[in-house]
Amino acid sequence: MKKTSAESRIAELREQIREHDHRYYVLAEPTISDQQYDELSAELQRLEAEHPELVTPDSPTQRVAGTPLSEFRQVTHSVPMLSVDNTYSEGELREFDRRVAKGLGGETYQYVIDPKIDGVAISLRYEKGRLVLAATRGDGERGDDITQNARTIRAIPLQLKPPQRLADPPVPDVVEARGEVFWPLKDFQAFNEARATAGEPVFANPRNATAGTLKQLDPRIVGERRLSFTAHGFGEIEPFPKVETQYDLWRRFRAWGIPVSRYFQRADSIDAAVEFVHQWGKRRDGLDYATDGLVIKVDRLDQRDTLGTTSRSPRWCIAFKFAAERARTKLESVRFQVGKLGTITPVANLKPVLLAGTTVKSASLHNFDQIDRLGVKVGDMVFVEKAGEIIPQVVAVDLDARGPDVQGIRPPRKCPECESETVRDENGVFLRCVNPACPAQIKERLRYFCGRDQMDIEGVGPALVDQLVDQGLVHEFADLYRLEERRDELIALERMGAKSADNLLGAIAKSKAHPLARLLAALNIPHVGVNTAALLAEHFGTIDGLMAADMDALQEVEGIGPELAESIHGFLHRKAGQQTIEHLRAVGVNMKQPKRQTAGPQPFAGKTIVVTGTLERFGRKEVQDLIAKLGGKAAGSVSGKTDFVVVGADPGSKLDKARTLKVEVIDENEFCRRAGLT
Ligand SMILES: [Zn+2]
């Protein structure tokens, strides 16, 4: 078959995107800007949407694919993932070296040294160059299959790079790379800030947050968080390449497109290794990931075999860990912050103390469970740590130094902002103010409503929001759109004036016309972010369509499970939610999602179609895109509104449900016929 121009452009774009990923993650030498990269991705997405038949699972656009899992499958590692012995002292490091020297009986040896990333260990398996499995370490023998989640991490190649020159050796049939998934500090910090702004509890540190993210059953959530990956070891490799050392194997990994540390280094002796350790103690703060030490390994692979392993860990490898940076200071008082959903977070006010180069005046106490666990009281001398974490944390209490006048920290019975009663949430960890009119919450929600990814109203900063609420100009979102009538009062606000008031009114008026997706993202529906809002808007088209949807209808939207459906349904059917929407409608805010431009025949127009099982000719995402392109709705579950169900190999319970509900069931050939493909 002749290649069409679209087909060759798609191939070209995929190749370019893979190359830029390689330059960014493996070589750390990007040659284009983020914006240029996004443009390439956007062009590829557009072309693939126009030609769904050309979408392949290893296309860079298919990183986030598949549906949320109900649980992770357990997999057995081909080679166990052992743990590494730790030490904190130079003496023990030299002791390790003496054991290595003895074990090798006089042979010379070298070490390779690598900063230890404080992340989550996983194993990646490539067969014929394609990523087929990603698994967590688990107990070392068996871990969870997290392939869907790993695919969303751009540093992990979906496909290994083939040899660039004829003389280069081929990529082995099986390559297992082992390494750490981690959250680069800059991205982690930005993510936490966004959560804080949204009134959601922040993550304590990047490692815990990474572990929590990899446990998400919905790959879209993982895709939104910018995790990264660096390899530091290997499992099965078959056939094994002609290399004798880890050092040379890393060079192969790099050539195949697997990111390895940019800092790995050889040391001829333990003295050189110790020297390197000391240097790193000073350098590590400058890295873009949290590191708590270095890993020192014998370089030659045959010598590793000679040394062997104990039942727990290899004899050829040791981790030197830096003691966490810690400071001791007085907990002077505790303040309570109220987020946009009313979550009340306790924060420790500390006597200022120097820690890891910065002066620390406050530290997170996270929640009241944490306060109980620590047994901390106001007036205590506490230890504060910042080991890779961005936000300093109170980690322990110096009980020996406790005076007679310490005071227990009681969860506030009343909201510190509005004095209404507080309640514990379902799992009892967080305390909330449930007063919908709480000014602290209204302010947080308003800031969020005007945010760039929501209604995008420029000029509404925290200071203005405070004034608008405190001066009684705004009680609810719709009041923003009524400010026109109160222009004089607006101008009278501090630092306002006629010109900025008119600019502000202009920006507010403009936001009325935004598509429904933005409005849904702005309403503060629990757990509904930008992506879910867009899915809902596209599926239902209007706010009335969405409000008419019952729990089943909501779950027909691909990617929306029972929990999310309940949250959405609850919001839309409570009086407060309905009032919010009706008031916004009354002031003229758009409640519709513009129809996507469609071209070509629409044989599935108005049809709701469910696919179950594996099709021969299409991947999951492909068939969904095809249905959408032909005017239909690809739904995630069967209901009375389903027009027909397409059944592939190994169909699931959806087929049973279709039979129970007497919904038409067709096979792949019939589907192709109806789609006009045969
Ligand atoms: Zn309150």
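Along each of the three principal axes of the Cα atoms of the range 75-321, give the extent in whole Å, ordering the values from largest to smallest.
Ordered largest first, the range 75-321 gives principal extents of 61, 44, 35 Å.
Output needed: percent of Cα pairs per 5 Å distance bin for the range 173-274, bins running from 0 to the one holding the longest distance.
Whole-percent P(r) values from 0 Å outward: 2, 10, 17, 17, 14, 13, 11, 8, 5, 2, 1.
Mind ranking 607-619, 485-497, 502-514 by how tightly packed they are, going by the mean number of other C-beta atoms within 10 angstrom, highest first? Before the final figure, lay out each step's value.
On the way: 607-619: 18.8, 485-497: 13.5, 502-514: 16.0.
Descending packing order for the listed peptides: 607-619, 502-514, 485-497.
Under the Cβ-under-4.7 Å rule, which cysteines of the chain stay unpaired?
Among the cysteines of the chain, those whose Cβ sits 4.7 Å or more from every other are 317, 450, 672.
Express the accessible area of the chain per residue in Å², computed with a 1.4 Å probe while the remaining protein chains stay in the model. Don't skip to the end; give the middle numbers.
On the way: 33570 Å² over 678 residues.
Per residue, the chain has 50 Å² of solvent-accessible surface.
Once you keep just the Cα pairs under 8 angstrom separated by 6 or more residues, what percentage relative contact order results for the range 478-537?
Working: 32 pairs, mean separation 14.6, N = 60.
Reported relative contact order: 24 percent.
From Cα pairs below 8 angstrom and at least 6 apart in sequence, can you work out the relative contact order of the range 608-674, rounded to a whole percent? Intermediate results must be reported in sequence, preceding the final value.
Numbers: 103 pairs, mean separation 25.8, N = 67.
Once normalised by length, the contact order is 38 percent.
Calculate the radius of gyration of the Cα atoms of the range 5-62 to one decimal place, then report Dmax, the largest Cα-Cα distance, as a whole number, both in Å.
So, for the range 5-62, Rg and Dmax equal 11.5, 34 Å respectively.
Could you give the dipole magnitude of the range 75-321 about its Cα centre, charging the beta-carbon of Lys and Arg +1 and that of Asp and Glu -1, in debye to the nearest 20?
Numbers: 37 positive and 35 negative charges, 98 e Å.
With only Lys, Arg, Asp and Glu charged at Cβ, the dipole is about 480 debye.
Measure up 510/592; 282/386; 629/657; 512/592; 330/377; 128/621 against 18 Å on the Cα-Cα distance and list the ones that go over.
Numbers: 510/592 15 Å; 282/386 15 Å; 629/657 26 Å; 512/592 11 Å; 330/377 10 Å; 128/621 23 Å.
Too far apart for the 18 Å limit: 629/657; 128/621.
As a test question: what accessible area, to the nearest 10 Å², does residue 18 have when a 1.4 Å probe is rolled over all protein chains in place?
Answer for residue 18: close to 70 Å² accessible.
How much of the accessible area of the chain, probe 1.4 Å, is carbon plus sulfur, in whole percent? Don't skip to the end; give the middle numbers.
Numbers: 16360 of 33570 Å².
Carbon and sulfur together cover 49 percent of it.
Within 10 Å, count the other beta carbons around each residue, average over each peptide in 208-218, 34-44, and list them highest first.
Numbers: 208-218: 18.0, 34-44: 13.2.
My ranking of the peptides, most packed first, is 208-218, 34-44.
Using a 1.4 angstrom probe on the protein heavy atoms only, line up 186, 592 by accessible area, largest first.
Numbers: 186 165, 592 125 Å².
Sorted by accessible area, descending: 186, 592.
Per-residue counts of other Cβ atoms within 10 Å, averaged by peptide: what ranking do you get for 533-540, 145-152, highest first?
Numbers: 533-540: 21.1, 145-152: 22.6.
Sorting 533-540, 145-152 by mean packing, highest first, produces 145-152, 533-540.
Using a 7 Å offset from the Cα along the Cα-to-Cβ direction at both residue 494 and residue 32, what is the distance between the two label points in nm, to one decimal?
4.8
With all protein chains present, calculate the accessible area of residue 24 using a 1.4 Å probe and round the result to the nearest 10 Å².
Its heavy atoms expose roughly 100 Å² to the probe.
At 1.4 Å probe size, put 137, 284 in order of accessible surface, largest to smallest. Let's see the in-between values first.
Details: 137 70, 284 40 Å².
Largest accessible area first, the list is 137, 284.
Which three lengths, in whole Å and largest first, does the range 72-126 cover when its Cα atoms are put on their principal axes?
Cα spread of the range 72-126 along its principal axes, largest to smallest: 45, 25, 16 Å.
With all protein chains present, calculate the accessible area of residue 188 using a 1.4 Å probe and round the result to the nearest 10 Å².
0
Rank these by accessible area, largest first, 1.4 Å probe: 657, 414. List each step's numbers first, then the result.
Values: 657 95, 414 115 Å².
Per-residue accessible area, sorted high to low, gives 414, 657.
For residue 130 and residue 94, what is the calculated FRET efficiency with R₀ set at 35 Å and r taken between the beta-carbons, to the nearest 0.05?
0.20
Would you kindly state how much longer the chain becomes between residue 322 and residue 453 on full extension, computed as 0.36 nm times their sequence separation minus their alpha carbon distance, in nm to one decimal? Numbers along the way, then the final one.
Numbers: separation 131, 0.36 × 131 = 47.16 nm, distance 4.05 nm.
Fully extending the segment from residue 322 to residue 453 adds 43.1 nm.
To the nearest 20 debye, what is the magnitude of the charge dipole of the range 326-401 about its Cα centre, counting +1 on the Cβ of each Lys and Arg and -1 on the Cβ of each Asp and Glu? Present the calculation step by step, with values, prior to reporting the outcome.
Details: 10 positive and 8 negative charges, 54 e Å.
Using only the charged Cβ atoms, the result is roughly 260 debye.
Could you work out the relative contact order of the range 5-62, using alpha carbon pairs under 8 angstrom and six or more residues apart, expressed as a whole percent?
Working: 30 pairs, mean separation 23.5, N = 58.
Rounded, it is 41 percent for the range 5-62.
Cα convex hull of the chain: how many Å³ per residue?
Values: hull volume 134.1 nm³, N = 678.
Output value, Cα hull per residue: 198 Å³.
The values are calculated or read from the model by the stated rules, or taken from the named source; none is laboratory data. Since the structure is predicted, the reported quantities are computational estimates derived from the model, not experimental observations. Glycine gets a Cβ as well: all are built from the backbone with ideal geometry, and neighbour counts include every protein chain shown. We work out accessible area using only protein heavy atoms, side chains counted, and drop any ligands, DNA or RNA first. Shrake-Rupley method; radii C 1.70, N 1.55, O 1.52, S 1.80 Å.
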